[in-house]
1. For residue 35 and residue 23 in one chain, what is 0.36 nm times their gap in residues minus the Cα-Cα distance, to one decimal in nm?
2. Of all alpha-carbon pairs in the chain, indicate the percentage at a distance above 21 angstrom.
3. Can you tell me the relative contact order of the chain? Whole percent, Cα pairs under 8 Å, sequence separation 6 or more.
4. Fully extended, how many nm does the chain gain between residue 50 and residue 66 (0.36 nm per residue separation, minus their Cα-Cα distance)?
5. Given the peptides 21-27, 66-72, 1-7, arrange them by the average over their residues of other C-beta atoms within 10 Å, most packed first.
6. Could you calculate the FRET efficiency of residue 9 with residue 59 from 1/(1 + (r/R0)^6), where r is the beta carbon distance between them and R0 is 25 Å, rounded to 0.05?
7. Taking the Cβ of each residue in 41, 30 as the centre, tally the other Cβ atoms inside 10 Å and list the residues starting with the fewest.
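Please treat every number below as a calculation from the coordinates, not as lab data. Being a predicted model, the structure only gives us computed values, none of them experimental. Methodologically, a virtual Cβ is constructed for each residue, glycine included, from the backbone with ideal geometry; neighbour enumeration extends over all protein chains shown.
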């Protein structure tokens, strides 16, 4: 189930396993998703462009805090 956290007018979309970024996110959103390596932050841009940090975070809380910090700068 997708969870949306709104911070500074930015949607931080938390995706569960199997949920697709393109189905739930729009340009300007930040997505958080996990895999066996950790918690990833993905920045959704225009035309389906996606950028992310090169390393996953060790925990959901670290990924969420980092997403909120990015939202402070209006990504």
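1. Extra length available between residue 35 and residue 23 comes to 2.5 nm.
2. Tail fraction, whole percent: 14.
3. Once divided by the residue count of the chain, the mean separation gives 26 percent.
4. Net length gain for the segment: 4.1 nm.
5. Top of the packing list down: 66-72, 21-27, 1-7.
6. Rounded to the nearest 0.05, the efficiency is 0.50.
7. Ascending Cβ contact count within 10 Å gives the list 41, 30.
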